[in-house]
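Colleague: Sharing a structure with you now.
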Amino acid sequence: MRKIKYLALFTFLVLTFPVFAFSYHILNNSTSTFSFVFLRWSSTPVNLRVDPGTLAGGGGQEIVVGACEVWNSVPNAQQLCGSLTNFSEDITVDNFQSMTSNSNGSIDVVFDETGEVVAALGLSPNSTLGVALVSRNVNNGEIRGVLIVLNGKILGNSNSDPLSTTTHEMGHSWGLAHIPIGGINNSNNVSGLEPIDTSAIPSMFPFNIPDDDEFGRTLEIDDKVGISVRYPSN
Amino acid sequence: MMLSRIILSNKILFFVVFVLSFSFLNCSKSYATRELQESNLDVAKRSEAIVVARCISSESRWNDEGTLIFTYVTFEIQDTIKGKDPKDKLTLKLIGGQVGDVIQTVPDLPAFNEEGEVMLFLGPINKDGYPTLASMKNGALQIQTDIKTGQKIVTTPTSGLEIYREDTEREISSQEAEGVLLEDMIYSLRKALNQ
């Protein structure tokens, strides 16, 4: 009887222990439910090629630089962003398929001012803030290249912040998936356990953050742990 | 006595490992997009068309430039809830897919299985002439058939949409709903869109 009590107490403690460090999710290459091959670059830093055009009417390159600084500042993690270079011309729906590459070992960033590139990918230009297409080897999950498209048609309005979205999509570029933390927050009245403050919602939450989307500019512990585990500095 | 202790400790160890394993499993699907947060009702109002359709084919191939993989998914339309498209088939051209040993994905882009039924919420036609998905999260609701009753059920959870029973017109859910009969979902959507 005593052993059963100890077991019940232990189980209670385990289930109620904060699991922030395990809340990050990593994109995986699994083709079955029971095998996971996590996606990651074989070497860092990774270079970026950036659209020379504008984003939401403003400078896009500065936003990409800002997002790189955020991810490069994660404690106990490798430097992820390498050099930034510009494409030779503005990327539009007419040339993005020939100018960019999803498998050349770099991260290509496109500023889609009209939403037409997003639509060309089959996605809604009226609700998709950004998208990251990750190309990898099916056998080992090695990331070969990433295409990020940022939707300037709606970024900057509808309570959406370009830097937060860029930071988020760049997180996918490193192999991070979405985090569900934030779905129950003190702004959206969704039923469930204790809601999280909107300022603490991780950057890898899949939607714009209520109240102020600029909260997504800074990484939370779940974001940081995900990177430091996948790309440890030692 | 010693053997029983060993057995009990192993059981405890197994139980601990079993419980902790749920902390590590990536149980949820993961999107590689960031979207505006919307309810199903918001998406329905914004959609240019809403159809119930059955997937009849899916093919992935490289684009002409050899840089991106697209998947072409063709559907047979079974019912139109919104929109006036008289066609009986439609094809989505979606980024991502697998060709050879290369996979390109926007994870959690809705997956379509041949012969599977879905309710599609469609956005504007793109420059290539293909309709877009109105939403990543709420753009495709999965439909399953109950083996026992033969009734079709929308298995994807919805939110922000009042659900009514078609036969009684009684409201059965005002917020989150799961496992709704297809006929009730269609009725509720038409009711909401006509208001």
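Colleague: Here is a list of conditions, (1) modelled with pLDDT under 95; (2) within 14 Å of chain B (Cβ to nearest Cβ), and residue A:76 meets all of them except one; can you say which number that is?
Modeller: Result: residue A:76 fails condition (2) only.
Colleague: Name the single residue that is modelled with the highest pLDDT among those in segment A:186-216 being polar (S, T, N, Q) and surrounded by 21 or more Cβ atoms within 10 Å (Cβ to Cβ).
Modeller: The first filter runs over segment A:186-216 and keeps only residues polar (S, T, N, Q), leaving A:186-189, A:191, A:198-199, A:203, A:208.
Next cut, surrounded by 21 or more Cβ atoms within 10 Å (Cβ to Cβ) only: A:203, A:208.
Working: A:203: 92, A:208: 89.
Of everything passing the filter in segment A:186-216, A:203 is modelled with the highest pLDDT.
Colleague: In this structure, does residue B:137 turn out to be more than 24 Å from residue B:187 (Cα to Cα) and of a type in the set (D, E, K, R)?
Modeller: no
Colleague: Right, another one. Would you mind telling me which numbered condition in (1) free of Cβ contacts under 8 Å to residues at least 24 places away in the same chain; (2) under 26 Å from residue A:117 (Cβ atoms) residue B:33 fails?
Modeller: Single failed check for residue B:33: (1).
Colleague: Search segment A:126-152 for residues being more than 19 Å from the chain's Cα centre (by Cα) and not in a strand (DSSP E or B), and hand back the single one that is farthest from the other protein chains (Cβ to nearest Cβ).
Modeller: Taking segment A:126-152 as the starting set, the residues that turn out to be more than 19 Å from the chain's Cα centre (by Cα) are A:126, A:137-140.
Now narrow it down to the ones that are not in a strand (DSSP E or B): A:126, A:138-140.
On the way: A:126: 6, A:138: 5, A:139: 6, A:140: 10 Å.
The qualifying residue farthest from the other protein chains (Cβ to nearest Cβ) is A:140.
Colleague: Please count how many residues of segment A:103-125 are surrounded by fewer than 23 Cβ atoms within 10 Å (Cβ to Cβ), without any contact (Cβ under 8 Å) to a residue 60 or more places away in the chain and part of a loop (DSSP other than H, G, I, E, B).
Modeller: 5
Colleague: Shifting gears a bit: Counting only residues that are more than 13 Å from chain A (Cβ to nearest Cβ), give me the strands (runs of 3 or more DSSP E) lying completely in segment B:36-110 with at least 3 of them. Full working, then the answer.
Modeller: Values: elements: B:49-62, B:69-82, B:89-95, B:97-99, B:102-105.
Correct list: B:49-62, B:69-82.
Colleague: Moving on. Given the residues B:178, B:166, which is the only one that is without any contact (Cβ under 8 Å) to a residue 24 or more places away in the chain and touching a helix residue (DSSP H, G or I) at 6+ places or on another chain (Cβ under 6 Å)? Step through it out loud before you land on a result.
Modeller: On the way: B:178 fails: touching a helix residue (DSSP H, G or I) at 6+ places or on another chain (Cβ under 6 Å).
After ruling out the rest, the residue left standing is B:166.
Colleague: Could you check, for segment A:217-224, whether at least one of its residues is facing chain B (nearest Cβ under 7 Å) and in a helix (DSSP H, G or I)? Break it down stepwise before answering.
Modeller: Step one: of segment A:217-224, the residues facing chain B (nearest Cβ under 7 Å) are none.
No, the conditions are met nowhere in segment A:217-224.
Colleague: Let me ask you something else. When residues of segment A:190-207 are filtered for being over 20 Å from residue A:227 (Cβ atoms) and either outside any loop (DSSP other than H, G, I, E, B) or within 11 Å of another protein chain (Cβ to nearest Cβ) (or both), how many remain? Walk me through it before giving the result.
Modeller: Here is the first cut: in segment A:190-207, the residues over 20 Å from residue A:227 (Cβ atoms) are A:190-199, A:207.
Within this subset, residues satisfying the condition of being either outside any loop (DSSP other than H, G, I, E, B) or within 11 Å of another protein chain (Cβ to nearest Cβ) (or both) are A:190-192, A:196, A:198-199, A:207.
Qualifying residue count for the region: 7.
Colleague: If you don't mind, another one. State yes or no: is residue A:98 within 30 Å of residue B:99 (Cβ to Cβ) and either assigned to a loop (DSSP other than H, G, I, E, B) or acidic (Asp, Glu) (or both)?
Modeller: Numbers: within 30 Å of residue B:99 (Cβ to Cβ): yes; either assigned to a loop (DSSP other than H, G, I, E, B) or acidic (Asp, Glu) (or both): no.
Answer is no for this residue.
Colleague: Could I ask something else about it? Looking at the structure I just gave you, is residue B:117 touching a strand residue (DSSP E or B) at 6+ places or on another chain (Cβ under 7 Å), buried (at least 18 other Cβ atoms within 10 Å of the Cβ) and away from chain A (no Cβ under 13 Å)?
Modeller: On the way: touching a strand residue (DSSP E or B) at 6+ places or on another chain (Cβ under 7 Å): yes; buried (at least 18 other Cβ atoms within 10 Å of the Cβ): yes; away from chain A (no Cβ under 13 Å): yes.
Here the answer is yes, as residue B:117 does meet what is asked.
Colleague: Within segment B:57-75, work out how many residues are surrounded by 15 or more Cβ atoms within 10 Å (Cβ to Cβ) and touching a strand residue (DSSP E or B) at 6+ places or on another chain (Cβ under 7 Å). Spell out the reasoning first.
Modeller: Residues of segment B:57-75 surrounded by 15 or more Cβ atoms within 10 Å (Cβ to Cβ): B:58, B:60, B:62, B:67-75.
Checking the rest, the ones that are also touching a strand residue (DSSP E or B) at 6+ places or on another chain (Cβ under 7 Å) come to B:58, B:60, B:62, B:68-75.
Qualifying residue count, segment B:57-75: 11.
Colleague: While we're looking at this one, here's another question. Being part of a helix (DSSP H, G or I) and within 17 Å of residue B:32 (Cβ to Cβ) is the filter here, so list the residues in segment A:160-189 that pass it. Let's see the steps before the verdict.
Modeller: First pass over segment A:160-189, keeping only residues part of a helix (DSSP H, G or I): A:162-173.
If the condition is that a residue be part of a helix (DSSP H, G or I) and within 17 Å of residue B:32 (Cβ to Cβ), then A:164, A:165, A:166, A:167, A:168, A:169, A:170, A:171, A:172, A:173 are the ones that fit.
Colleague: Here's another thing I want to ask about it. Before we move on, is residue B:93 surrounded by 17 or more Cβ atoms within 10 Å (Cβ to Cβ) and touching a residue at least 60 places away in the same chain (Cβ under 8 Å)?
Modeller: Working: surrounded by 17 or more Cβ atoms within 10 Å (Cβ to Cβ): yes; touching a residue at least 60 places away in the same chain (Cβ under 8 Å): no.
Judged against the criteria, residue B:93 is not a match.
The values are calculated or read from the model by the stated rules, or taken from the named source; none is laboratory data. Since we're looking at a predicted model, the values are computed, not measured. Please note: Cβ atoms are built from the backbone with ideal geometry, for glycine as well, and neighbour counts cover all protein chains shown.
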